[in-house]
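The values are calculated or read from the model by the stated rules, or taken from the named source; none is laboratory data. Just so you know, these numbers come straight off a predicted model, no measurement behind them. Every residue, glycine as well, gets a Cβ built from its backbone with ideal geometry; the counts of neighbours run over all protein chains shown. Heavy atoms of the whole protein, side chains included, go into the accessibility calculation; ligands, DNA and RNA do not. Shrake-Rupley method; radii C 1.70, N 1.55, O 1.52, S 1.80 Å.
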Amino acid sequence: MTQFNLRQARLRSGEELEEDVDVELEPLTLGGQEYLPDPPTVRAHLRVQKASTGTVYELGFRVGLTGPCFRCLRDTHIE
């Protein structure tokens with residue numbers, strides 16, 4: 001599991017942190033079927049914004065999934 005220590009950011013209201021981080025992905029289980037991320041570790045863009053009433057988190061990355069098709073159950077790969 002990938003962790004990011006938000007205490008190090010020390011953001012005040014109105015401030016924003018943007019950083020590229022490596023994220024280790026775990027398999028996704030959906031409908032009793034397991035889908036594997038390809039690649040298992042990706043570079044992601046993290047954005048944390050401190051608002052006056054809370055904190056906004058955004059994490060974006062692209063990854064493929066390999067597993068059975070939900071219609072025909074043949075092995076498939078999607079981006």
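On a per residue basis, the chain carries 81 Å² of accessible surface, using protein heavy atoms and a 1.4 Å probe. Measuring spread by the Cα atoms of the stretch 19-59 yields a radius of gyration and Dmax of 14.3, 41 Å. Compared with the rule-of-thumb size 2.2 N^0.38 Å for a compact globular protein, the chain has a Cα radius of gyration ratio of 1.44.
Length gained on full extension, Asp20 to Gln33, computed as 0.36 nm times the residue gap minus the Cα-Cα distance: 1.6 nm.
Excluding Leu65 itself, calculate the net charge of residues whose Cβ lies under 13 Å from the Cβ of Leu65, where each Lys or Arg counts +1 and each Asp or Glu counts -1. Once positives and negatives cancel, what remains is -4.
How much of the accessible area of the chain, probe 1.4 Å, is carbon plus sulfur, in whole percent? For the chain, the apolar C and S fraction of the accessible surface comes to 49 percent.
Asp38 accessible area, nearest 10 Å², 1.4 Å probe? Taking all protein chains as shown, Asp38 has close to 80 Å².
In this simple spin-label approximation, Ser13 and Arg71 carry label points 7 Å from Cα along the Cα→Cβ vector, and these lie 5.2 nm apart.
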